[in-house]
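The structure under discussion appears below in the form of structure tokens.
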Amino acid sequence: VHESQHDKVLSVTGDGIIQSPDFPNTYPRNTVIVWRLVAVTESSKIQLTFDPRFGLEDAEDGIC
């Protein structure tokens, strides 16, 4: 099993879209992606809305 890690740091300044690699196609199982959203100002709020197609891979040993 090949396990890869992707770290993404995003400065949030307005509306935007976050997509997984190769979206809408799937990416390899066991790929770990860490998204860090950083608000531009301390008083800013970040609201997430998930696309209805959002999903996680099937759990493997209770981990997904």
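The values are calculated or read from the model by the stated rules, or taken from the named source; none is laboratory data. Worth saying up front: this structure is predicted, and the values here are computed from it rather than measured. Please note: Cβ atoms are built from the backbone with ideal geometry, for glycine as well, and neighbour counts cover all protein chains shown. To get the accessible areas, we keep the full protein, side chains included, count just its heavy atoms, and leave off ligands, DNA and RNA. Shrake-Rupley method; radii C 1.70, N 1.55, O 1.52, S 1.80 Å.
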Q) Across segment 19-40, which residue is least open to solvent (accessible area, probe 1.4 Å) among those that are outside any loop (DSSP other than H, G, I, E, B) and under 18 Å from R53 (Cβ atoms)? A) I33
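Look through segment 1-18, keep the residues that are open to solvent by 100 Å² or more (accessible area, probe 1.4 Å) and among the polar types (S, T, N, Q), and return whichever of them is modelled with the lowest pLDDT. Spell out how you get there, then give the answer.
Our first condition is that a residue be open to solvent by 100 Å² or more (accessible area, probe 1.4 Å); within segment 1-18, this holds for 1-3, 5, 13, 15, 17.
Still in the list and also among the polar types (S, T, N, Q): 5, 13.
Numbers: Q5: 64, T13: 82.
Per the criteria, the residue is Q5.
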Q. Is there any pair with a first residue in segment 26-53 that is basic (K, R) and a second that is part of a strand (DSSP E or B) whose Cβ atoms are under 8 Å apart and which are 6 or more apart or on different chains, and what are they?
A. R29/E60; R36/D7; R36/K8; R36/V9; R36/L10; K45/A39
